[in-house]
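Input: a single structure, listed below in structure tokens.
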Amino acid sequence: MKTNIKIIISIILAIIILVLAVGVGSVYIEPLNILAIIYSKIFHQPITIDIKDNLISIIWDIRLPRVLVAFLVGGALAVSGSIMQSILKNPLASSYTLGVSSGASVGAGLVIITGFTIPLLGNFTLPFVGLLCGLLTVYLVINFTARIDKNMENTTIILVGMVFSLFINAITTIITALSGENLQRLISWQMGSFSLKSWTDVRVLVIIFIICYVILIRYTKELDIMSFGEEQALAIGIEVKKTKWILLILSASLTGSAIAFAGVIGFIDLIAPHVVRKIFGSTHKLVLPMSMLFGGTFMVVCDLVARIIIPNSELPVGAVTALIGAPFFAYVYFTKRKVR
């Protein structure tokens, strides 16, 4: 099948899943009604079909922002994972390996138990501090790696990242133990959730994603070359160390922003790049956008399962991604090894 046809089919399937995810819930709303509401709100046109006001509010104010945030978070994690795997030449590499989730968890934990609020940010204090701590952790990992290994070898980066993650996780455990009445909120954040997301969350995530993605697409050629090895990249004239710094920071920014808004959610960044490379090849001009599409859609499906599988209750979306993602990733990874 031609690549263009695969892309078109993928986009159509993604749109269908997004519309269904918006419609399914305690109250089912038909796809045509959903599209009518979205069209009316975007183009400021009256709705020509009979739809109750409460259904319009459910779609526009509750479900649609939630689905879009889930899509953006999944897409950000998937793109981040594809970058990490290419840079570090490791199928298990991700921003989590470098301590992004650990750093963000510490920042979020401190905000939750202290009630600290930045005046200008208000409710966005938690995601802002989480993102900042995640980026700070990655900076420390890369800086420490550069000091002990001037060539910044991939294995050194991964090992240093793991050591930092373990150390910071210990701090998070202490914070959790001391959280007292805020324990439930902290645990809920650590397990991941998209409940009560708003259009403001969507706008902030869109801005962060666009900025990171616009810079990333300028490095698709370098990513293609570096995925084959650093020696080839150096021979061609790529500044490997500088490029690694830039790409690692961008990848960490995507993961950090996703974690900051939704909590710690794993496996998306590992699964999506593998599936995309298997279907569309390894050229990063395709891998990056299709990873976003697949990762975002997969996250929407996981969130849908999390909120409908148990009536009148909601599972942590991080648990659902792990339940679906772990066996799926194992299948993809070990099948790939057998082929070799």
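For every residue, the table says whether it meets (1) closer than 30 Å to TYR219 by Cβ; (2) open to solvent by 40 Å² or more (accessible area, probe 1.4 Å); (3) more than 26 Å from the chain's Cα centre (by Cα); (4) not hydrophobic (A, V, I, L, M, F, W, C).
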site	(1), (2), (3), (4)
LEU20	no, yes, no, no
GLN45	no, yes, yes, yes
SER82	yes, no, no, yes
LEU92	yes, yes, no, no
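Please specify each residue of the range 113-135 satisfying the condition of being among the hydrophobic types (A, V, I, L, M, F, W, C), part of a helix (DSSP H, G or I) and within 17 Å of SER257 (Cα to Cα). Of everything in the range 113-135, those that are among the hydrophobic types (A, V, I, L, M, F, W, C), part of a helix (DSSP H, G or I) and within 17 Å of SER257 (Cα to Cα) turn out to be PHE124, LEU126, PHE128, VAL129, LEU131, LEU132, CYS133, LEU135.
Within the range 151-180, residues that are without any contact (Cβ under 8 Å) to a residue 12 or more places away in the chain have Cβ atoms under 8 Å from residues that are surrounded by 13 or more Cβ atoms within 10 Å (Cβ to Cβ) in these pairs: THR156/THR145; THR156/ASP149, counting only partners at least 6 apart in sequence or on another chain.
Across the range 134-145, what is the number of residues that are farther than 15 Å from SER101 by Cα and in contact (Cβ under 8 Å) with a residue 24 or more places away in the chain? Spell out how you get there, then give the answer.
Kept after step one, since they are farther than 15 Å from SER101 by Cα, are these residues of the range 134-145: 142-145.
Now narrow it down to the ones that are in contact (Cβ under 8 Å) with a residue 24 or more places away in the chain: 142.
Count: 1.
Output yes when any residue across the range 47-54 is out of contact with any Gly (no Cβ under 7 Å at 6 or more places or on another chain), open to solvent by less than 70 Å² (accessible area, probe 1.4 Å), among the hydrophobic types (A, V, I, L, M, F, W, C) and outside any loop (DSSP other than H, G, I, E, B), and no when none is. No, that holds for no residue. Apart from one condition, VAL27 fits all of (1) open to solvent by less than 30 Å² (accessible area, probe 1.4 Å); (2) modelled with pLDDT under 90; the exception is (1). For the range 292-304, state whether one or more residues are open to solvent by 20 Å² or more (accessible area, probe 1.4 Å) and free of Cβ contacts under 8 Å to residues at least 24 places away in the same chain. No; the residues of the range 292-304 include none that is open to solvent by 20 Å² or more (accessible area, probe 1.4 Å) and free of Cβ contacts under 8 Å to residues at least 24 places away in the same chain.
The number of residues in the range 4-19 being within 18 Å of LEU68 (Cα to Cα) and free of Cβ contacts under 8 Å to residues at least 60 places away in the same chain comes to 4.
Tell me, which residue of the range 313-326 that is free of Cβ contacts under 8 Å to residues at least 60 places away in the same chain and not β-branched (Val, Ile, Thr) is surrounded by the fewest Cβ atoms within 10 Å (Cβ to Cβ)?
Of the residues in the range 313-326, the ones free of Cβ contacts under 8 Å to residues at least 60 places away in the same chain are 313, 315, 320, 322-326.
Imposing the further condition that a residue be not β-branched (Val, Ile, Thr) reduces the set to 313, 315, 322-323, 325-326.
Values: SER313: 9, LEU315: 19, ALA322: 18, LEU323: 14, GLY325: 21, ALA326: 14.
Only one residue tops the list, namely SER313.
The set of residues in the range 148-204 being of a type in the set (Lys, Arg), under 30 Å from ILE38 (Cα atoms) and open to solvent by 70 Å² or more (accessible area, probe 1.4 Å) consists of ARG203 alone.
Please go through the range 136-166 and pick out each residue that is assigned to a helix (DSSP H, G or I), among the hydrophobic types (A, V, I, L, M, F, W, C) and more than 23 Å from the chain's Cα centre (by Cα). Show your work before the answer.
Within the range 136-166, the first condition is being assigned to a helix (DSSP H, G or I), and the residues that meet it are 136-148, 154-166.
Subset that is among the hydrophobic types (A, V, I, L, M, F, W, C): 136, 138, 140-142, 144, 146, 148, 157-160, 162-164, 166.
Those that are assigned to a helix (DSSP H, G or I), among the hydrophobic types (A, V, I, L, M, F, W, C) and more than 23 Å from the chain's Cα centre (by Cα): PHE144, ALA146, ILE148.
Results for (1) over 29 Å from LEU288 (Cβ atoms); (2) under 18 Å from the mean Cα position of the chain (by Cα); (3) modelled with pLDDT under 85; (4) not hydroxyl-bearing (Ser, Thr, Tyr), shown as yes or no for each residue.
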{"position": "LEU132", "(1), (2), (3), (4)": "no, yes, no, yes"}
{"position": "ILE174", "(1), (2), (3), (4)": "yes, no, no, yes"}
{"position": "GLU222", "(1), (2), (3), (4)": "no, no, no, yes"}
{"position": "MET226", "(1), (2), (3), (4)": "no, no, yes, yes"}
{"position": "GLY229", "(1), (2), (3), (4)": "no, no, yes, yes"}
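Condition check: under 26 Å from LYS197 (Cα atoms), loosely packed, with under 14 Cβ neighbours inside 10 Å and not basic (Lys, Arg). Does ILE113 satisfy that? Give the steps one after another, and end with the answer.
On the way: under 26 Å from LYS197 (Cα atoms): yes; loosely packed, with under 14 Cβ neighbours inside 10 Å: no; not basic (Lys, Arg): yes.
For ILE113, the condition - under 26 Å from LYS197 (Cα atoms), loosely packed, with under 14 Cβ neighbours inside 10 Å and not basic (Lys, Arg) - is not met.
Out of everything in the range 94-111 that is in contact with a Cys (Cβ under 7 Å, 6 or more places away or on another chain) and among the hydrophobic types (A, V, I, L, M, F, W, C), what residue ends up being farthest from GLU222 (Cα to Cα)? Top of the filtered list is VAL106. Restricting attention to the range 209-265, the residues that are open to solvent by 30 Å² or more (accessible area, probe 1.4 Å), part of a loop (DSSP other than H, G, I, E, B) and among the hydrophobic types (A, V, I, L, M, F, W, C) total 2. Scanning the range 282-315 for residues that are in contact with a helix residue (DSSP H, G or I) (Cβ under 8 Å, 6 or more places away or on another chain) and of a type outside the set (A, V, I, L, M, F, W, C) yields a count of 10. Could you say whether any residue in the range 176-187 is among the small types (Gly, Ala, Ser), modelled with pLDDT of 85 or more and assigned to a helix (DSSP H, G or I)? No, that holds for no residue.
The values are calculated or read from the model by the stated rules, or taken from the named source; none is laboratory data. All values derive from a computational prediction rather than experimental measurement. Counting neighbours? That spans all protein chains shown, and the Cβs are built from the backbone with ideal geometry, glycine included. Keep in mind that these areas ignore ligands, DNA and RNA; they rest on the heavy atoms of the full protein, side chains included. Shrake-Rupley method; radii C 1.70, N 1.55, O 1.52, S 1.80 Å.
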